[in-house]
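K.L.:
Quick one: the structure is below, and I'll ask about it shortly.
The values are calculated or read from the model by the stated rules, or taken from the named source; none is laboratory data. What you see is a predicted model; the values in this text were computed from it and never measured. Backbone-built Cβ (ideal geometry, glycine too); neighbour counts: all protein chains shown. Heads up: the accessible areas ignore ligands, DNA and RNA and are worked out on the full protein's heavy atoms, side chains in. Shrake-Rupley method; radii C 1.70, N 1.55, O 1.52, S 1.80 Å.
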Amino acid sequence: TFNLMDNYGRQAVEWMPTINTSGLENPPVVQVIDETTGEAIYAVRAANNSFDAKVFREGSYTIIVGEPGTDKWETLNNIQSLAEKGSKTIDLAF
């Protein structure tokens, strides 16, 4: 077995705040969008209810978090990247 993110070999330049979720049947799908370019950087299902999204440049991002097939989705706009992984958290209760 291997970690899904091992398939995505780019190294993190910065990190998004740790996303912690509760109230979902499965771990969430997390999509990261670069607000400067509008480009979807990636979307991945987290391995558990906590996810540290890496990004490849300093900047502002939109993070969409939720469970496919349900109305349990949150869109977080204008989230600033961080130099240190895990230095800030965002808790989402669905």
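K.L.:
Work from the charge dipole of the chain (Cβ charges, +1 for Lys and Arg, -1 for Asp and Glu, about the Cα centre) and give the residue of I90, P28, W15 farthest towards its positive end.
P.N.:
W15
K.L.:
Okay, moving on. Express the accessible area of region 14-94 per residue in Å², computed with a 1.4 Å probe while the remaining protein chains stay in the model.
P.N.:
51
K.L.:
Tell me the label-point distance for the pair R57, W73, using the 7 Å Cα-to-Cβ offset, in nm and rounded to one decimal.
P.N.:
Placing both labels 7 Å along Cα→Cβ, they lie 2.6 nm apart.
K.L.:
In addition: Can you give the FRET efficiency to the nearest 0.05 for F94 and T37, using r as the Cβ-Cβ distance and R₀ = 30 Å?
P.N.:
Here the calculated transfer efficiency is 0.55.
K.L.:
Okay, next question. Residue-wise, which Karplus ³J(HN,Hα) couplings in Hz belong to region 26-37, taking 6.51 cos²θ - 1.76 cosθ + 1.60, θ = phi - 60°, and x for glycine or proline?
P.N.:
With the stated coefficients, region 26-37 comes to 10, x, x, 8, 10, 10, 10, 10, 6, 6, 6, 9 Hz.
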